[in-house]
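Scroll down for the structure; my scribbles are underneath it.
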Amino acid sequence: MNKNILVTGGAGFIGSHLVDTLLAEGGWNVTVVDDLNDLYSPEIKQSNLESARRNSDFEFIELDIRNSDKLRQIFDRQNFDCIVHLAARAGVRPSLCHPKLYVETNIDGTLNLLELARDFEVKQFVFGSSSSVYGINSKVPFAEDDRINQPISPYASTKGAGELLCHTYSHLFDIRTVCLRFFTVYGARQRPDLAIHKFSRLISEGMPIQIFGDGTTRRDYTYIDDIIQGVRASIDYDSSMHEVFNLGESETTELKRLVELIEESLGKKAIIDRQPMQPGDVPITFADISKAKRLLGYSPTTKIEEGIPKFVEWFCGSESAFARR
């Protein structure tokens, strides 16, 4: 008999890859809740689910997680074995302009789902958090037991609050909660507002790309296949009632090196528009993944030198596909 799993934000970048993985694996009835909001084109999100919609074990429900009454109706008719909560208002910079929206979606929405997990006795709750919770942490690499009380964006604050809510509900209501701190995920279907996708589009069009700072900021870029490996392992994790895991590549790449790799893959040079550092940005993200390796069997394999050409290959094909529609 199939297990039932709810994936919130399942039409997005990470969520749609997880959905495809679960359906290909078999043994899952996958329900996706996504509000198809306009952070980027809903048409892109719809296209992310094209293959899933052909599977009889898949159901899509367009719904905002802030609507607790409508969410409850889903739980009234379906008993879920696991919730993977990836729905969120995403992005550091947009959160500076719309902090209330981020709080309502990322905190209140998470609370709605935890309350439903409590009421309907869902025993496994996987929460998509972010490396941004580390804020201005001066210690590298970042480890899960580092303090996260210095966030520098509303987005980071809401993700930290979500982790705390997960811990509380695990402690009080016997729900296993697994919080995953994602480090700069990239690959096919990456959101168009994120740097790698945006740079690829602008360079291919011969338009300038904005580089904030001197290009020496470093990020722990993590390929989507590696992230999904970690998320999938978290669904099965049962060794403790609450854990936080870093999911990264555990290597850092300078921004200027990232641009070089995109240039090489596209066969075009970038036009650089230098800008001052942006509020909310941090100089480095760097994941200590030893805990995830030990407890989840997490083992990332895709280096940035391999991942960027893969992304650009997808990008060139997807741009052509959308142009033909």
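The values are calculated or read from the model by the stated rules, or taken from the named source; none is laboratory data. Computed from a predicted model, the values in this text were never measured in an experiment. Using ideal geometry, Cβ is built from the backbone for each residue, glycine included, and neighbour counts are taken over all protein chains shown.
Could you tell me which numbered condition residue 20 fails, if it satisfies all but one of (1) under 22 Å from residue 186 (Cβ atoms); (2) out of contact with any Gly (no Cβ under 9 Å at 6 or more places or on another chain); (3) outside any helix (DSSP H, G or I); (4) touching a residue at least 24 places away in the same chain (Cβ under 8 Å)? Against the list (1) under 22 Å from residue 186 (Cβ atoms); (2) out of contact with any Gly (no Cβ under 9 Å at 6 or more places or on another chain); (3) outside any helix (DSSP H, G or I); (4) touching a residue at least 24 places away in the same chain (Cβ under 8 Å), residue 20 comes up short only on (3). Looking only at residues in the range 174-226 that are hydrophobic (A, V, I, L, M, F, W, C) and part of a strand (DSSP E or B), the one that is farthest from residue 316 (Cα to Cα) is 178. Of the residues making up the range 190-215, those that are more than 19 Å from residue 134 (Cβ to Cβ), crowded, with 19+ Cβ neighbours inside 10 Å, out of contact with any His (no Cβ under 7 Å at 6 or more places or on another chain) and not β-branched (Val, Ile, Thr) number 3. When the range 48-81 is filtered for residues that are of a type outside the set (D, E, K, R) and within 18 Å of the chain's Cα centre (by Cα), the ones remaining, listed by number, are 48, 49, 65. What about residue 310, is it within 30 Å of residue 98 (Cα to Cα), in contact with a Ser or Thr (Cβ under 8 Å, 6 or more places away or on another chain) and not in a loop (DSSP other than H, G, I, E, B)? No: the conditions fail for residue 310.
Residues are listed down the side, and each one gets a yes or a no for (1) within 16 Å of residue 182 (Cα to Cα); (2) modelled with pLDDT of 95 or more:
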residue	(1), (2)
246	yes, yes
255	no, yes
261	no, yes
271	no, yes
277	no, no
284	yes, no
287	yes, yes
292	yes, yes
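Within the range 227-246, the set of residues being closer than 21 Å to residue 169 by Cα, outside any loop (DSSP other than H, G, I, E, B) and among the charged types (D, E, K, R) comprises 236, 243. A single member of 121, 104 is surrounded by fewer than 17 Cβ atoms within 10 Å (Cβ to Cβ), free of Cβ contacts under 8 Å to residues at least 40 places away in the same chain and on the phi > 0 side of the Ramachandran plot, and it is 121.
So that you can scan it fast, the table gives a plain yes or no per residue for (1) among the hydrophobic types (A, V, I, L, M, F, W, C); (2) farther than 30 Å from residue 114 by Cα; (3) modelled with pLDDT of 95 or more:
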position: 169; (1), (2), (3): no, no, yes
position: 172; (1), (2), (3): yes, no, yes
position: 176; (1), (2), (3): no, no, yes
position: 184; (1), (2), (3): no, no, yes
position: 194; (1), (2), (3): yes, no, no
position: 204; (1), (2), (3): no, yes, yes
position: 224; (1), (2), (3): yes, no, yes
position: 227; (1), (2), (3): yes, no, yes
position: 233; (1), (2), (3): yes, no, yes
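Out of the residues in the range 32-77 meeting the condition of being of a type in the set (A, V, I, L, M) and touching a residue at least 60 places away in the same chain (Cβ under 8 Å), tell me which one is surrounded by the fewest Cβ atoms within 10 Å (Cβ to Cβ). Once the filter is applied, the top-ranked residue is 39. Put simply, of 281, 236, 273, 226 the only residue that is crowded, with 16+ Cβ neighbours inside 10 Å and not hydroxyl-bearing (Ser, Thr, Tyr) is 226. Of all residues in the range 30-55, how many are within 20 Å of residue 121 (Cβ to Cβ) and assigned to a helix (DSSP H, G or I)? Total meeting the criteria: 0. Figure legend. Inter-residue proximity from the range 285-297: first residues in contact (Cβ under 8 Å) with a residue 12 or more places away in the chain, second residues of a type in the set (D, E, K, R), beta-carbon distance below 7 Å, spacing 6+ or different chains. Indicated pairs: 285/219; 285/220; 286/220; 287/220; 291/144; 295/243.
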